[in-house]
Amino acid sequence: MDLRDVAGELYSVAPGDFIARRNAAAAQADRSTAKQIKTLRKPSASAAAINALTREHPDLVGDVLEIGSRMRDAFASRDRAEIRALTQERQRLLQRATDGLDLSPAVQREVEETLQAAVIDPAAAAAVRSGMLVRALESTGLEQVDVSDAVALPIDIEDFPAPRPGRRKSQSGGEDAGAAEADDEPAEEGHTESPSERRERQRRIRAAEKAVARAREDAEALDDELDETVDRRGDLEAERDSLQRRLQRITDDLSEARAAERELRTRISDAQRAVRDAEKALRDARDD
């Protein structure tokens with residue numbers, strides 16, 4: 001049983017069914033996989049809505065994310081007319097994507113913010129396309145979107161590439177060489193990063209992201225184990241206190257029983273003495 005396949009199925013169900021389905025999947029897996037399955041977090045309402053949207057309307061989501069690539073190109077070329085047109089188109093697509101979802105205003109706002117973040121940031125776009133979001137995303141527009149704990153399992157951005165905009169045609173009918181090169185090479189500013197350096201840097205980034213994700217998973221598993229241990233300790237302390245109270249009651253009852261025993265023994269001695277005295281009186285009366 002592959003953990004990623006299980007996660008793909010779990011994040012396709014309604015949030016209300018998630019826990020039951022997760023427990024059922026864990027029960028069918030081997031011990032190691034079951035432990036990993038149990039660490040999969042239930043998605044928020046907005047994350048579940050986006051996961052469903054990604055699965056049920058992939059073309060629409062693709063159109064939304066493709067706007068992001070086109071806008072980045074437009075900003076790079078400082079094409080103000082194109083930027084304005086794409087901004088309007090982005091708003092129309094975001095409206096289409098969220099129409100008919102029947103969500104509360106707060107959840108609707110989180111869905112829109114997540115899709116907006118995905119338009120702006122490639123990492124956020126990959127997180128959305130994974131279909132395994134567990135929380136909403138947010139972008140300030142100034143910094144890279146933090147997706148480190150937003151996806152159920154670590155993802156590689158290259159596994160979920162952002163759609164590329166259509167290439168511009170040159171007058172001869174072929175692809176504009178400048179546009180093709182712009183897709184493949186970063187803008188030169190100071191030191192030009194070679195392809196091998198860029199691949200190595202991206203490899204290190206991916207490795208570091210995976211290490212962070214694994215560390216977060218381990219920390220969350222330990223947190224869960226700590227919660228279980230704390231609950232167990234609380235149960236044991238409550239049981240101990242109950243036993244101590246019961247022991248005190250038994251000790252008090254035992255003291256009372258011992259006192260009653262001593263009193264009865266004294267009364268028995270008195271009663272036996274009275275019997276002897278009565279028997280003697282009876283014998284004396286008969287002798288007379």
Kindly establish whether THR229 is surrounded by 10 or more Cβ atoms within 10 Å (Cβ to Cβ), closer than 30 Å to THR33 by Cα and free of Cβ contacts under 8 Å to residues at least 24 places away in the same chain. yes
List the helices (runs of 4 or more DSSP H) inside segment 37-111, counting only whole elements, that have at least 2 residues being more than 29 Å from ALA14 (Cα to Cα) and among the small types (Gly, Ala, Ser). 58-77, 80-98
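Does ASP102 fit the bill of being at pLDDT 70 or above and either in contact with a Pro (Cβ under 8 Å, 6 or more places away or on another chain) or surrounded by fewer than 13 Cβ atoms within 10 Å (Cβ to Cβ) (or both)?
yes
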Can you name every residue in segment 20-51 that is aliphatic (A, V, I, L, M) and out of contact with any Phe, Trp or Tyr (no Cβ under 9 Å at 6 or more places or on another chain)? ALA20, ALA24, ALA25, ALA26, ALA27, ALA29, ALA34, ILE37, ALA45, ALA49, ILE50
Is it fair to say THR87 is at negative phi and crowded, with 18+ Cβ neighbours inside 10 Å? no
Flag if SER44 is among the hydroxyl-bearing types (Ser, Thr, Tyr) and either touching a residue at least 24 places away in the same chain (Cβ under 8 Å) or touching a Leu at 6+ places or on another chain (Cβ under 6 Å) (or both): yes
With respect to ASN23, determine if the residue is more than 14 Å from GLY131 (Cα to Cα) and of a type outside the set (Lys, Arg). yes
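The values are calculated or read from the model by the stated rules, or taken from the named source; none is laboratory data. On a predicted model such as this, the values are computed, not experimentally measured, just so you know. No Cβ is skipped: glycine too gets one built from the backbone with ideal geometry, and neighbour counts run over all protein chains shown.
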